[in-house]
Ligand SMILES: Nc1ncnc2c1ncn2[C@@H]1O[C@H](COP(=O)(O)OP(=O)(O)OP(=O)(O)O)[C@@H](O)[C@H]1O
Ligand SMILES: [Mg+2]
C-alpha cells in the first residue's frame, strides 16, 4: 500500500528578485513498511523534500498524497490534526523542552492536543521500554546524554502512533557508537512496529539500515534503488 506519493512536485523559493528552483518535478512513491533514505549533496533539496512530504511546507506546484488525502486540499486545522496523528518528525537537534521531564516531553503532543495524558499511560510505559529509558523517565533533558535525548525525541514522535516518521539527519549530532544504537532503534521501529520511515542522511552506512535509497542531485531524483540483502545492516 502506498502511504505517501509525490506527484510532479516543484518547490521554488523567492527572495527579492532571486528565485531558486529547489525541487524539480519530483515523483516518488513510498510504501507501507518501507524505510527510505534520502541522500545527496548539501543544498540538493533533501530537507525541503522531507518537509513537503510531511506537510510542514507547501509545494509551488504538484501534490503530495498522504494515503488518500491530497495535502494541498487540506485546511489548516485539519492539517495540524493530520500532522499530529499520522506523521512523526525527528530532527538533528532534539528540540526538547529543557525544564520538562522525559515523560512530559514525550506526552507534550498529547497535552498540546488537549487530550488527557492519563489515557496514554500504557503507551508511554511501552515506548519508554522500547527506547530503553524507563529508569530515567523523571529526569530532565539536561541530565541526559545526546543519544538519550534523541531517544526521547523519537519517543515523542511515536506517542500518537503515527503511520509515517520523518527523520532529518537524526544521528548527525551524535558520535558513531551512539549513532549506531539510534539506527538500530529506528530499524526496530520499522520492523517491530511496521512503521514507514523516511530519513535524510549523509551517511552511506546509516542508509543501509533502511530498505531503499533515493538520491537527490540539484533538486532532481537521479536514483531510487533498493538496499540489496548483502549490503543491508540488520541489528
Ligand atoms: N526557506 C527558504 N528560503 C529560501 N531558500 C531556501 C529555504 N529553504 C531552503 N532554501 C534553499 O534551498 C536549497 C536546498 O535546501 P535544503 O535545506 O533542502 O538542502 P539539503 O539538501 O537539506 O542540504 P543539507 O545537506 O546542507 O542539509 C538551498 O539552496 C537553500 O538555500
Ligand atoms: Mg538538510
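Read-outs throughout are calculated quantities, based only on the coordinates presented, and are distinct from any laboratory measurement. Computed from a predicted structure; not experimentally measured. Cβ atoms come from the backbone with ideal geometry, glycine included; neighbour counts cover every protein chain shown.
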Over its alpha-carbon atoms, region 155-235 yields an Rg and a Dmax in Å of 12.8, 35
Cα-based Rg/(2.2 N^0.38 Å) for the chain, rounded to two decimals, is 1.01
Nearest 10 degrees, 0 to 90: what angle lies between the long axis of helix 102-112 and the longest principal axis of the chain (Cα atoms)?
-> 60 degrees
Based on DSSP H runs of at least 4 residues, each adding -39500 (n - 2.57), what is the mean residue ellipticity at 222 nm of the chain after dividing by all its residues, to the nearest 500 deg cm²/dmol?
-> -9500 deg cm²/dmol
Per residue Cα convex hull volume for region 71-134, in cubic angstrom?
-> 120 Å³
Which percentage, to the nearest 5, of the DSSP beta bridges contained in region 140-235 is antiparallel?
-> 55 percent
Spacing of the two label points (7 Å from each Cα toward its C-beta) at residue 193 and residue 175, in nm = 2.7 nm
Where both partners of a DSSP beta bridge lie in the chain, what percent of those bridges are antiparallel, to the nearest 5?
-> 60 percent
Cα-derived Rg to Rh of region 188-232, Kirkwood definition | 0.99
The FRET efficiency for residue 20 and residue 79, from their Cβ-Cβ distance with R0 = 41 Å and rounded to 0.05, is 0.95
So what is the orientation-averaged projected area of region 97-235, using the convex hull of its C-alpha atoms, in nm²?
-> 9.5 nm²
For the chain, set up a Gaussian network in which alpha carbons nearer than 10 Å are linked by springs, and say which option among 77, 192, 17 fluctuates the most.
-> 17
Between helix 146-158 and the chain: long-axis angle, C-alpha atoms, 0 to 90°, nearest 10 | 80 degrees
If one builds a Gaussian network model of the chain from Cα atoms under 10 Å apart, the most fluctuating residue listed among 152, 214, 74 is 74
For region 135-200, what are the per-bin percents of Cα-Cα distances with bins 10 Å wide, up to the bin holding the maximum?
-> 20, 53, 26, 1
Under 13 Å from the 7 Å Cα→Cβ point of residue 100, by amide nitrogen: which residues of region 158-187?
-> 158-160
Kindly express, to the nearest 10 degrees and within the range 0 to 90, the angle between helix 176-192's C-alpha long axis and the longest C-alpha principal axis of the chain.
-> 80 degrees
In a Gaussian network model over the chain where Cα atoms closer than 10 Å are linked, find which of 179, 16, 62 has the largest mean-square fluctuation.
-> 16
Using Cα centres only, tell me the gap between region 157-218 and region 39-78 in whole Å.
-> 18 Å
What do the square roots of 5 times the Cα gyration tensor eigenvalues come to for region 39-178, in whole Å, largest first, as semi-axes of the equivalent ellipsoid?
-> 27, 21, 11
Cβ-based exposure ranking for 79, 183, 1, in which fewest neighbours within 10 Å come first = 1, 79, 183
Measuring from a point 7 Å past the Cα of residue 8 along Cα-to-C-beta, which residues in region 60-94 have an amide N at less than 12 Å?
-> 61-63
